[in-house]
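Please read the structure below before turning to the comments.
The values are calculated or read from the model by the stated rules, or taken from the named source; none is laboratory data. This is a predicted model, so every value here is computed, not measured. Cβ placement follows ideal geometry from the backbone for every residue including glycine, while neighbour counts extend to all protein chains displayed. With ligands, DNA and RNA removed, areas are computed over all heavy atoms of the protein, side chains included. Shrake-Rupley method; radii C 1.70, N 1.55, O 1.52, S 1.80 Å.
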Amino acid sequence: MASSLPIKAQIDLILLSLEALVDVGSAEVLALAEAMGFEAYLPDRVGLWRLRQSSPLRRGRNGRRKLDVDEARALALICTRLAQQHQQTIRTAVERWQQQTSQGRPPHLDPVLGDYIDRFTSLYQERMADDSSDGSELAQLALDLLVDLLFYSTPQGARRLWITLLERTTPAPPSLSLVEPEPVPAPAPELPTLFPHSDV
């Protein structure tokens, strides 16, 4: 992944990676949001689309301009839960990449990795405004995200993800701890922005 991206762009790429690998769609994300008590932040498909469309990498960018701190935390925790639910698939894919590397073979020659890379590349090119990345760059991004997902699937995955989001954000935000937001009944109250003077 790019070394420096807004949090909303990082989260969107993580969800894109999950979608490419295990076909995670909006229905699964919204079901988890409801189960985890975050439906006030993600009430429906349109709300989820607007949050993801706020990524500066997105084509069109017709979504929200900012994520507030609780929206960002809720999305991060949902990403972590999804990674945990699909941990075996993620681990298997990473192990296949290691095998291909040890044998000196390109990752895309493995059927599982090849399908994942192709699907990720297709989704990225379809949805993102950046058309400067070639196939090899997108393949590497897909593989980097795959390794990240493996770390996020561990018991400490939520903490790992939040730290990563902050470290890769520009400009660097103040240190914040990942405290699970309290489930909020709809409608959501006004919430503070994550970075009052910068675009998340």
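Given the criterion open to solvent by 50 Å² or more (accessible area, probe 1.4 Å) and at pLDDT below 90, identify the matching residue among VAL200, VAL179. Every option except VAL179 fails the conditions. Restricting the stretch 81-111 to residues that are among the β-branched types (Val, Ile, Thr) and open to solvent by 60 Å² or more (accessible area, probe 1.4 Å), the residue that is farthest from VAL29 (Cα to Cα) is THR101.
The set of residues from the stretch 21-57 being under 20 Å from LEU150 (Cα atoms), in a helix (DSSP H, G or I) and open to solvent by 10 Å² or more (accessible area, probe 1.4 Å) comprises LEU21, VAL22, GLU28, LEU32. Just one of the numbered conditions (1) of a type in the set (Lys, Arg); (2) touching a residue at least 40 places away in the same chain (Cβ under 8 Å); (3) more than 26 Å from PRO155 (Cβ to Cβ) is not true of ARG105: (2). Checked against (1) of a type outside the set (Val, Ile, Thr); (2) within 21 Å of PHE151 (Cβ to Cβ); (3) without any contact (Cβ under 8 Å) to a residue 60 or more places away in the chain, LEU16 passes all but condition (3). Applying the condition of being more than 16 Å from the chain's Cα centre (by Cα) and more than 19 Å from PRO107 (Cβ to Cβ) to the stretch 119-155 and asking which residue is surrounded by the most Cβ atoms within 10 Å (Cβ to Cβ) yields ASP130.
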